[in-house]
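**Student:** This is the structure I have questions about; it appears just below.
Values quoted throughout were computed directly from the atomic coordinates according to the rules given, and no laboratory measurement underlies them. Since this is a predicted model, take the numbers as computed values, not measurements. Cβ coordinates were reconstructed from backbone atoms using ideal geometry, including for glycine residues, and neighbour counts include every protein chain displayed.
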Amino acid sequence: MELKDETTVTIDFEKYSMDSAWDELKGYITNTELNATDILEAYQNLWLIEKAFRISKTDLRIRSIYHRLKK
């Protein structure tokens, strides 16, 4: 990338202040028919699944398996 001539940078403070209304909010997008409460409960328990995968990969010393078909 090459800049030629003079460049001016400006900040749109109106957009900046409008953006702060979304600070500390978190959203979830899903393709299920679950209600909001069930989705939040499932997401809060996600760490248990991740912990199980971590244990299965380290403590059991499972190596990667690459499946190949004969040509």
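**Student:** Taking Lys15 as the anchor, which lysines have their alpha carbon closer than 24 Å to its alpha carbon, excluding any fewer than eight residues away along the same chain?
**Tutor:** The qualifying lysines are Lys26.
**Student:** About its Cα centre, what dipole magnitude does the chain give when the only charges are +1 on Lys and Arg Cβ and -1 on Asp and Glu Cβ, stated in debye to the nearest 20?
**Tutor:** Dipole of the chain, to the nearest 20 debye: 1300 debye.
**Student:** Taking R0 as 30 Å, what FRET efficiency do you get between Leu40 and Tyr16 from their Cβ-Cβ distance, rounded to the nearest 0.05?
**Tutor:** Computed FRET efficiency for Leu40 and Tyr16 comes out at 0.50.
**Student:** Find which of Ser20, Leu34, Tyr66 sits farthest along the positive direction of the dipole of the chain, computed with +1 on the beta-carbon of Lys and Arg, -1 on that of Asp and Glu, about the Cα centre.
**Tutor:** Among Ser20, Leu34, Tyr66, the one farthest towards the positive end of the dipole of the chain is Tyr66.
**Student:** So what is log10(I(q)/I(0)) for the chain at q = 0.17 1/Å, when the Debye sum runs over its Cα atoms only?
**Tutor:** Each listed q corresponds, in turn, to -0.90.
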